[in-house]
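Here the structure comes first, spelled out in structure tokens, and everything after it is commentary.
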Amino acid sequence: MQVRKRIPLVAAAAAAAGTLVAGATGPAQAHSSDDWAAALSYGTTTHDRHACSYVGSGPSATAGAWIKWTGYDVGIQAWSDDEVRDGYCAVALIRYHVYDNGRWQDHWHYRSSPAVDCSDGNGGRTAQWYGSRKPIKDVHVRACLGDSQGNPARVNGTWLCGPWR
């Protein structure tokens, strides 16, 4: 698959973007993942959808993403909003399947968005656009409570996250 050309990126923008990852084995930095590339915008696609999730009563945090795609070429822009002063930040967690090494991988890939909000109800944060470098499908997002680095929190082995959307 040939990936569509995107607006040239500044290396510092990718480094400043923070994390785009958190899974059962721990977080990884966005620049260490070759699944996504930071982009200044994403452009026109055949399909798009907006997904939103929340966690906690009230809720404690909301998060979502604008997902755009044509075939398996995907763009995503996530956001999060910390709603209450509870010691946690709002984190947007993304999961998806990737085509790699000649086949669709049978396990989920997880990324937390750099749009981490720790403002305790004083407005949210929106990440820049990311475009897939590889074929991507089945993109979902959910809100999690976490730390300021974008790591979702766990209590007694349970992720503090809302439903996948």
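The values are calculated or read from the model by the stated rules, or taken from the named source; none is laboratory data. Keep in mind that this is a model prediction, so the values were computed, not measured. With ideal geometry, Cβ positions are generated from the backbone for all residues, glycine too; neighbour counts draw on all protein chains shown. Surface areas here come from the heavy atoms of the whole protein model, side chains and all, with no ligands, DNA or RNA. Shrake-Rupley method; radii C 1.70, N 1.55, O 1.52, S 1.80 Å.
Across the options 143, 164, 153, the greatest Cα extent toward the positive end of the charge dipole of segment 73-165 (unit charges at beta carbon of Lys, Arg, Asp, Glu) belongs to 164.
Excluding ligands, DNA and RNA, what is the solvent-accessible area per residue of segment 23-165 at a probe of 1.4 Å, expressed in Å²?
Dividing the accessible area of segment 23-165 by its residue count gives 47 Å².
Quickly rank 61-70, 101-110 as a protection proxy: mean count of other C-beta atoms within 10 Å, highest first.
Listed from highest to lowest mean packing, they are 61-70, 101-110.
As a length-normalised measure over Cα pairs under 8 Å and 6 or more apart, the relative contact order of segment 50-165 settles at 33 percent. Remark: the Cα gyration tensor places segment 114-165 in the oblate category, a/c being 1.5 or greater and a/b not exceeding b/c.
A Cβ-based charge dipole, computed about the Cα centre of segment 87-150 with Lys and Arg at +1 and Asp and Glu at -1, lands at about 300 debye. Here the accessible area is traced with a 1.4 Å probe on the protein chains. For segment 100-163, carbon and sulfur cover 41 percent of it.
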